Amino acid sequence: MTQAAVLDDDSWISKSNWHRIDGMTGSDQDKLSLRYLDEFVGDLTCSAQMLAWGLFPDAKEVTETMGVFNAIRKLGLHEKDTATPDGMLDGIVVVGDGVTPRTAAMFAYRTKGWTCYSVDPIMKVSTDHDKVPWDGVLANVVSVCDKIENIRIRLRKAIVVLVHAHVTIEQAMCAIDATEIIAVLTLPCCNWYGRQEQCFGRQPDLVYDDLSILSVHREVRLWMTRPGKLHAAKLVSLGGCVEKAYKPPVVKDSTVASDFLALVLQQSAPSAPSTVEHMAAFCAQHFQRDWRVGVIGRQDELVHALSRLGFTAIDSIEAEDDISTLTWHVLLDCGNLHRALNRTDKTKSGNLVGHLCQRWQTWLVDAPGAAVVILSSRRMLRSRKFLNRTTLHWASVTSISLSDPPNFIYVCQTYTAFSSM
């Protein structure tokens, strides 16, 4: 592993790894601008109708919609070239628009030739007994009451917009079948800064704070298929926007990992014979017999079972002092982590698992197939709060279930090696 995030500061609380290039930190209250509200009230002929329909519940929502529209407009990403061939539509897909299609309606009113989709599982749509006031009036707005993962939209060109959406960019993109993606824009919030940091492994082309968005979550991230269209002058023309640059998070020296590791190592207890046999058989099936295996804690029966199956280099890790300069191809935890979590504050358990995994990653050899294998009956360990934290950068996290007794074997790899499990 190279650099990793400070787990107390990662995606599970509202923190961004993008920092303003002017070096300013702290509150922006004295620098906020009302220009979006001024434009909405004073300049837009469509604003009265949108308010009459109840599309915007408050001023904050107005500024968020105006902010994402401003980014697309000022950078010219919505400009059309020729008519769409073969009847295929060009679309702007707004993911997580809320109970009303407010952002899609803004794009529909202020662009030409685009069909604007508003997707949200709580979206208000017309029924046989109750018709929403905007239904049929905005011909180029399509409201969808569903999760973006459950639908499919086929387009020629697409612009994808996520305004405080609680999905990953990849989840949104997999729902859109487009010949060309012009741009992807996200305005992350809450626990989604880390989850919307990259688009299929690529960092955004432009990140900035928009001080005209009246929300603490005002960071705009923009990906473009043609980054050459972006010029510094266009960024300046956005006005009230402060460019940000990526600063890789670094692990700080801390006793957190060591303290939790010590707790984990103290939790050694005999496992059920069938569990031991399952773990040993799994290792024999997936790992080479001459690989060095490190067993977390004292698990004599597991060490003996591995030896019987032909593993020749097995170390029991009963204290942090046992590590020395050794590294292992495989680290096996046969329930120690599970038992340690029983003695841990639930609100801190995700961070502690993250810290521990970062420590274990430094014990693995830098080679394909190297893995941390964990036995636990906790189904939640595979979630993004635990083993699948984005800051851990595992190549893969997979699992198999055992029935007697009920357990899961989790396999976390720094390189993808298993073809299937």
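Identify the residue in the stretch 343-353 that is in contact (Cβ under 8 Å) with a residue 40 or more places away in the chain and assigned to a loop (DSSP other than H, G, I, E, B) and, among all such residues, is farthest from Val256 (Cα to Cα).
Taking the stretch 343-353 first, the residues in contact (Cβ under 8 Å) with a residue 40 or more places away in the chain are 343-344, 350-352.
With the extra rule that they be assigned to a loop (DSSP other than H, G, I, E, B), the set shrinks to 343-344.
Details: Arg343: 15, Thr344: 13 Å.
Of everything passing the filter in the stretch 343-353, Arg343 is farthest from Val256 (Cα to Cα).
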Of all residues making up the stretch 350-382, the number that are at pLDDT below 90, in contact with a helix residue (DSSP H, G or I) (Cβ under 9 Å, 6 or more places away or on another chain) and charged (D, E, K, R) = 1
Does the stretch 313-342 hold any residues that are more than 18 Å from Asp300 (Cβ to Cβ), charged (D, E, K, R) and either in a strand (DSSP E or B) or in contact (Cβ under 8 Å) with a residue 12 or more places away in the chain (or both), and which are they?
-> Glu320
Within the stretch 115-167, strands (runs of 3 or more DSSP E) holding 3 or more residues that are under 23 Å from Val220 (Cβ atoms) and free of Cβ contacts under 8 Å to residues at least 60 places away in the same chain = 115-120
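Between Val41, Val62, Val68, which is among the β-branched types (Val, Ile, Thr) and over 24 Å from Val95 (Cα atoms)? Write out each step before concluding.
Numbers: Val62 fails: over 24 Å from Val95 (Cα atoms); Val68 fails: over 24 Å from Val95 (Cα atoms).
Within the list Val41, Val62, Val68, the selection yields Val41.
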What tally of residues in the stretch 279-306 results from selecting those that are buried (at least 22 other Cβ atoms within 10 Å of the Cβ) and in a loop (DSSP other than H, G, I, E, B)?
-> 2
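Could you identify the single residue in Ile159, Ile151, Ile169 that is surrounded by fewer than 18 Cβ atoms within 10 Å (Cβ to Cβ) and under 21 Å from the mean Cα position of the chain (by Cα)?
Values: Ile159 fails: surrounded by fewer than 18 Cβ atoms within 10 Å (Cβ to Cβ); Ile169 fails: surrounded by fewer than 18 Cβ atoms within 10 Å (Cβ to Cβ).
Every option except Ile151 fails the conditions.
Report yes if some residue within the stretch 390-412 is in contact (Cβ under 8 Å) with a residue 40 or more places away in the chain, of a type outside the set (A, V, I, L, M, F, W, C) and surrounded by fewer than 13 Cβ atoms within 10 Å (Cβ to Cβ); otherwise report no. Walk me through how you get there before you give the answer.
Let us first name the residues in the stretch 390-412 that are in contact (Cβ under 8 Å) with a residue 40 or more places away in the chain, namely 390-393, 400, 402, 404-405, 407, 409, 411-412.
Add one more test, that the residue is of a type outside the set (A, V, I, L, M, F, W, C), and what stays is 390-391, 393, 404-405, 407.
With surrounded by fewer than 13 Cβ atoms within 10 Å (Cβ to Cβ) added as a condition, the list becomes 404-405.
The answer is yes; a qualifying residue exists.
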Cβ pairs under 9 Å, 6+ apart or interchain, first in the stretch 58-80 and at positive phi and assigned by TED's automatic domain parsing to the domain that holds Val207, second surrounded by fewer than 15 Cβ atoms within 10 Å (Cβ to Cβ) and part of a helix (DSSP H, G or I), ordered by first then second residue, are Gly76/Lys234
Residues satisfying the stated conditions in the stretch 218-247, i.e. in a loop (DSSP other than H, G, I, E, B), under 16 Å from Leu185 (Cα atoms) and modelled with pLDDT of 65 or more | Arg218, Thr225, Arg226
Could you tell me which of the residues Val250, Val293, Val303, Val256 is modelled with pLDDT of 90 or more and under 23 Å from Gly354 (Cα atoms)?
-> Val293
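The values are calculated or read from the model by the stated rules, or taken from the named source; none is laboratory data. Predicted model, so just to flag it, every value in this text is computed and none were measured. Glycine gets a Cβ as well: all are built from the backbone with ideal geometry, and neighbour counts include every protein chain shown.
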